[in-house]
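A.B. asks: What follows is a structure written as structure tokens; I'll ask about it next.
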Amino acid sequence: MTRFEAIGVLCRQLSDEPVVASLGHPAYELFAHGDRALNFYTWGSMGLSTSIALGVALAHPNRRVIALDGDGSLLMNLGSLATIGACRPSNLVVLVLDNEAYGTTGGQPTATSGEADIEAAARALGIRRTASARDAHALGDALQESLAEAGPWVIVAKVTESGPTAKPPLDCVAIKNRFMGELGGQRAVSR
Amino acid sequence: MPDPTRSLPSWAAGVADGLDALGCRDVVYVPDNPLSQILEALRAWHAGFRTLTATREEEAVGIAAGLCLGGKQPALLMQSSGVGNTLNAVGSLLLAYQIPALFIVSMRGDAGEWNSAQVPMGRSLRGVLDAFGIQHLTVERDEEARATVLAAGQLAFGTRVPVACLLPRRLTVPVEGGRG
């Protein structure tokens, strides 16, 4: 399964779930599958997409919120899984696109190309609903379950590099305003 | 009610009052001794606050940014040393996307410090914030705490920028024979 195919499996199951995408290839390929207002594309802050998604999930406990992370990015902020394991937001789904490499910076291997196992790490850090998927069918089943049953979830999709063909708009403020507008998060400031 | 064996300092009560008046209901926190007194004041006197402990300050910025995207007005509580851990997130997430943040910063490395390892980050914090164009306000006296936090928060959430409220050790750390 390529990363592009894995993101396609996700996109076919989405309705009104906000998705926070890690910078680089995950964000590029999420965009390539079809732009939507509820996609929050990060252009920096590597490692924080799962944490941003956690914040959105805490703010909107009645919506499913999806983090689209990468193995290299998540390894920069593995503590985020401990925080999620401790506060257990039932509406958060973390989908880790594990290509065992820093794809956006040229394919240098990450620790998951060796012994590191992100699903096992998630379980060790207190996240009970986890899955690993090596093909589109298994990923589709895991995602379907995660959208229906209480989490938090960590789903690791073992993927191969696909080579992005498009990039989302570079206007960060426009990405944010559109996302917040669709989410219904804009409100007046208290005085 | 607060633990009767421990009286909370009025600066901590003031910060808690300011956060409440602002409409803040979420606190994302990396542990620190003086800051824990703000959390105690929130628990004692203000209903409805949710506190989340992050493993690292950069992670805390990500969580708070997500809360803002969801329409909340969270506060970020951390030591000055921890602000150093947040800098790329401040630049590439908060500033680039115009996402507000209210930092409540317990100072290390300023007057009264005993640990030399805390000094380089602490003494350069204001310069670092200035370099990022982040406005910072220092609470010099207990009675300023509420108004300073409220004003910092209005600036942050009203104009969608990060703002830092600095709590010096002279304020937060009792000195024998002096502040109790």
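None of the figures in this text is laboratory data; all of them are computed from the coordinates on show. All values reported here derive from a predicted model rather than from experimental measurement. Neighbour counts run over all protein chains shown; Cβ positions are idealised from the backbone, glycine included.
A.B. asks: Note down the nm distance, to one decimal, between modelled labels 7 Å out along Cα→Cβ at A:ALA124 and at B:GLU140.
C.D. replies: For the pair A:ALA124/B:GLU140, the computed spacing is 5.1 nm.
A.B. asks: Per-residue Cβ counts within 10 Å, from other chains only, averaged over A:160-173: what number is that?
C.D. replies: Values: counts 0, 0, 0, 0, 0, 0, 0, 0, 0, 0, 0, 1, 7, 5.
Taking the mean over all residues of the peptide, I get 1.
A.B. asks: A further question on this structure: Could you tell me which of rounded, prolate or oblate describes chain B, using a ≥ b ≥ c as the square roots of the eigenvalues of the alpha-carbon gyration tensor, with rounded for a/c under 1.5 and, failing that, prolate when a/b is larger than b/c and oblate otherwise?
C.D. replies: Working: a/c = 1.68, a/b = 1.16, b/c = 1.45.
Oblate, because a/c is 1.5 or more while a/b does not exceed b/c.
A.B. asks: Right, another one. Convert each backbone phi in segment A:36-43 into a coupling constant with the Karplus relation 6.51 cos²θ - 1.76 cosθ + 1.60 (shift: θ = phi - 60°), then list the ³J(HN,Hα) values in order as whole Hz, x for Gly and Pro.
C.D. replies: Values, residue by residue: 8, 4, 7, 8, 9, 8, 7, 10 Hz.
A.B. asks: Please compute, for peptide A:38-48, the average count of beta-carbon atoms on other protein chains lying within 10 Å of each residue's beta-carbon.
C.D. replies: Neighbouring Cβ atoms belonging to other protein chains average 5 per residue here.
A.B. asks: Same structure again: Excluding same-chain residues fewer than 8 positions from B:LYS72, which lysines have a Cα within less than 20 Å of its Cα?
C.D. replies: Within the straight-line limit of under 20 Å, B:LYS72 reaches these lysines: A:LYS176.
A.B. asks: Rounded to whole Hz and in sequence order, give me ³J(HN,Hα) for segment B:91-97 from the Karplus expression 6.51 cos²θ - 1.76 cosθ + 1.60, θ = phi - 60°, writing x for Gly and Pro.
C.D. replies: x, 8, 10, 5, 6, 4, 9
A.B. asks: Once both labels are modelled 7 Å past Cα along the beta-carbon direction, what's the B:HIS46-B:ALA117 spacing in nm?
C.D. replies: 3.2 nm
A.B. asks: Taking each residue of B:67-78 in turn, how many C-beta atoms of other protein chains fall within 10 Å of its C-beta, and what is the average?
C.D. replies: Average per residue, whole number: 6.
A.B. asks: What are the lysines whose alpha-carbon lies under 27 Å from the alpha-carbon of A:LYS158, with same-chain residues fewer than 8 places away excluded?
C.D. replies: Candidates past the 8-residue exclusion: A:LYS167.
A.B. asks: Just need log10 I(q)/I(0) for the protein assembly as shown at q = 0.08, 0.10, 0.11 Å⁻¹, Debye formula, equal scatterers on the alpha-carbon atoms, no solvent, rounded to two decimals.
C.D. replies: Log10 of I(q)/I(0), two decimals: -0.40, -0.62, -0.73.
A.B. asks: Mind listing the long-range amide H neighbours of B:CYS165? Cut-off is under 5 Å, sequence gap 5 or more, other chains count too, H placed in the peptide plane at 1.01 Å from N.
C.D. replies: Close amide H contacts, sequence-distant or interchain: B:PHE103, B:ILE104, B:VAL105, B:LEU137.
A.B. asks: Compute and list, largest first, the equivalent-ellipsoid semi-axes of segment A:4-161 from the alpha carbon gyration tensor, each √(5λ) rounded to a whole angstrom.
C.D. replies: 20, 18, 15
A.B. asks: To continue, here is another question. So if each residue of separation counts as 0.36 nm, and I subtract the Cα-Cα distance between A:THR2 and A:ARG88, what length gain in nm does that give? Don't jump to the answer; show the numbers that get you there.
C.D. replies: Numbers: separation 86, 0.36 × 86 = 30.96 nm, distance 3.00 nm.
Computed gain between A:THR2 and A:ARG88 is 28.0 nm.
A.B. asks: For chain B, modelled as a GNM with alpha-carbon contacts under 10 angstrom, which of B:ASP17, B:ASP26, B:ASP130 fluctuates the most?
C.D. replies: Of the options given, B:ASP130 has the highest mean-square fluctuation.
A.B. asks: Which value in deg cm²/dmol, rounded to the nearest 500, describes the helix-derived mean residue ellipticity at 222 nm for the protein assembly as shown, given -39,500 (n - 2.57) per DSSP H run of n ≥ 4 and division by the residue count?
C.D. replies: On the way: 15 runs with 154 residues, N = 371.
Mean residue ellipticity, 222 nm, calculated: -12500 deg cm²/dmol.
A.B. asks: Let me ask another. Once Lys and Arg get +1 and Asp and Glu get -1 on their Cβ, which of B:GLN135, B:THR55, B:ILE104 lies farthest toward the positive end of the dipole of segment B:51-157?
C.D. replies: Positive-most Cα among the choices belongs to B:THR55.
A.B. asks: Between B:THR159 and A:GLU115, what is the FRET efficiency for a Förster distance of 56 Å, r being their Cβ-Cβ separation, to the nearest 0.05?
C.D. replies: Here the calculated transfer efficiency is 0.70.
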